[in-house]
1. Would you point out which residue out of PRO28, PRO75, PRO38 is open to solvent by 10 Å² or more (accessible area, probe 1.4 Å) and modelled with pLDDT of 95 or more?
2. Taking the stretch 107-116, which residues are in contact (Cβ under 8 Å) with a residue 40 or more places away in the chain and either surrounded by fewer than 24 Cβ atoms within 10 Å (Cβ to Cβ) or touching a Phe, Trp or Tyr at 6+ places or on another chain (Cβ under 7 Å) (or both)?
3. Could you check how many residues of the stretch 184-210 are under 13 Å from the mean Cα position of the chain (by Cα) and open to solvent by less than 10 Å² (accessible area, probe 1.4 Å)?
4. Within the stretch 110-120, is even one residue of a type in the set (D, E, K, R), more than 21 Å from PHE243 (Cα to Cα) and touching a helix residue (DSSP H, G or I) at 6+ places or on another chain (Cβ under 7 Å)?
5. Which ones in the stretch 46-75 are charged (D, E, K, R) and touching a residue at least 24 places away in the same chain (Cβ under 8 Å)?
6. Within the stretch 160-177, can one find any residue that is open to solvent by less than 30 Å² (accessible area, probe 1.4 Å), in contact with a helix residue (DSSP H, G or I) (Cβ under 8 Å, 6 or more places away or on another chain), touching a residue at least 24 places away in the same chain (Cβ under 8 Å) and of a type in the set (S, T, N, Q)?
7. What residue, of LEU110, LEU147, LEU158, LEU91, is touching a Pro at 6+ places or on another chain (Cβ under 7 Å) and at pLDDT 95 or above?
Amino acid sequence: MDAMDTQRWTRRQVLVGGVIGMAGLVAPRGAARAQSRPAPPAAAAGALKIGGDLMVNRMGFGAMRITGPGIWGEPKDAAEARRVLRRAVELGVDFIDTADAYGPEVSERLIAEALHPYPQGLVIATKGGLVRPGPSSWVPDGRPQHLREACEASLKRLQLARIDLYQFHHIDPKVPLEDSIGELARLQKEGKIRHLGVSNFTVEEFARARRVTPIVSVQNRYNLADRASADVLAVCEREGLAFIPWAPIARGSSDALESSAASKALDTLAKAHGVSVFQAAIAWLLAKSPAMLPIPGTSSVAHLEEDVAAARIKLSASELAALG
């Protein structure tokens, strides 16, 4: 996520999810499960494989909002934050996205408090490369020394021997991205990182990073009203990589969606399915591409259950075409 914009966000910015009946990266979940055991709600979104070996449900969870107001400090209700994390896993969420900058450090610590020892198959993805001098300040720091310290600190907070997906949170204009990615590649060779991802990258920057080392995912802004990263998404689709969209509801307000060209079609779709306009936008996001790995986020169990329920929304080809 582009954490430097978080002071303008609301809970709805990080609502993502939906379902899809497309091929490609998406794979059915639960085929090996006993027939008597019903698939968890999150599995209705389908699944994708990260890095060739991590199969996860496409209804993930973003752990940014379990911190305090402005993504700073402790949450108002830490017990509820831990309940949200546990409930997410109960609902079949097996991909949790966080960052050392969320809190800072608070989100990662709460994840470990709530879920460690982690259930088998749960993927914890975190990020490094942004520092927090204050509540409304997000400053890039891509120095190799900082990234090494950040990764090792995340390992300790999360109580992990290896991070399944470590993402470079934001390019530091003062540091060549090759230097930043190169240090992460060294950490990977040391066994501290399983797979590498990037965030807020252009196609050209993504190509430069991939010349240094394999990159398995991109986390960029993408929503119905803002498709500026469509070219990055296309690369992910073509190369079999995961695309993790942030700000799926523009700047967190339905106003942004209502002002878009597809707003009328979105409203019609929502009414037809008996869901909110936000859930309709969620369904569109997932249906748009099999490479999508949404990460809805909230600090409320009730909202979490609402989010995950969106995985059951089925979009027809005509509904998808109407939204563009």
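1. Numbers: PRO28 fails: modelled with pLDDT of 95 or more; PRO38 fails: modelled with pLDDT of 95 or more.
Being open to solvent by 10 Å² or more (accessible area, probe 1.4 Å) and modelled with pLDDT of 95 or more holds for just one of PRO28, PRO75, PRO38, which is PRO75.
2. First, pick out the residues of the stretch 107-116 that are in contact (Cβ under 8 Å) with a residue 40 or more places away in the chain: 107-112, 116.
Across the stretch 107-116, the qualifying residues are ARG109, ALA112, HIS116.
3. From the stretch 184-210, those under 13 Å from the mean Cα position of the chain (by Cα) are 197-200; that's our starting set.
Then drop every residue that is not open to solvent by less than 10 Å² (accessible area, probe 1.4 Å), which leaves 197-199.
Final tally of qualifying residues: 3.
4. Taking the stretch 110-120 first, the residues of a type in the set (D, E, K, R) are 113.
When the remaining residues are screened for being more than 21 Å from PHE243 (Cα to Cα), the result is 113.
Still in the running and touching a helix residue (DSSP H, G or I) at 6+ places or on another chain (Cβ under 7 Å): 113.
Scanning the stretch 110-120 turns up at least one residue that is of a type in the set (D, E, K, R), more than 21 Å from PHE243 (Cα to Cα) and touching a helix residue (DSSP H, G or I) at 6+ places or on another chain (Cβ under 7 Å).
5. As a first pass, look at the stretch 46-75 and keep what is charged (D, E, K, R): 49, 53, 58, 65, 74.
LYS49, ARG58, ARG65, GLU74, listed by residue number.
6. So far as the stretch 160-177 goes, no, none of its residues is open to solvent by less than 30 Å² (accessible area, probe 1.4 Å), in contact with a helix residue (DSSP H, G or I) (Cβ under 8 Å, 6 or more places away or on another chain), touching a residue at least 24 places away in the same chain (Cβ under 8 Å) and of a type in the set (S, T, N, Q).
7. Values: LEU110 fails: touching a Pro at 6+ places or on another chain (Cβ under 7 Å); LEU147 fails: touching a Pro at 6+ places or on another chain (Cβ under 7 Å); LEU158 fails: touching a Pro at 6+ places or on another chain (Cβ under 7 Å).
After ruling out the rest, the residue left standing is LEU91.
Residue-wise test of (1) buried (at least 24 other Cβ atoms within 10 Å of the Cβ); (2) of a type in the set (D, E, K, R); (3) modelled with pLDDT of 90 or more; (4) closer than 21 Å to ALA44 by Cβ.
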residue: VAL212; (1), (2), (3), (4): no, no, yes, no
residue: ARG221; (1), (2), (3), (4): no, yes, yes, no
residue: PRO245; (1), (2), (3), (4): yes, no, yes, yes
residue: GLY274; (1), (2), (3), (4): no, no, yes, yes
residue: MET292; (1), (2), (3), (4): yes, no, yes, yes
residue: SER299; (1), (2), (3), (4): no, no, yes, no
residue: ALA311; (1), (2), (3), (4): yes, no, yes, yes
residue: LEU315; (1), (2), (3), (4): no, no, yes, yes
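The values are calculated or read from the model by the stated rules, or taken from the named source; none is laboratory data. What you see is a predicted model; the values in this text were computed from it and never measured. We place every Cβ from the backbone using ideal geometry, glycine too, and count neighbours over all the protein chains shown. Just so you know, the surface numbers come from the protein's heavy atoms only, side chains and all, with ligands and any DNA or RNA stripped out. Shrake-Rupley method; radii C 1.70, N 1.55, O 1.52, S 1.80 Å.
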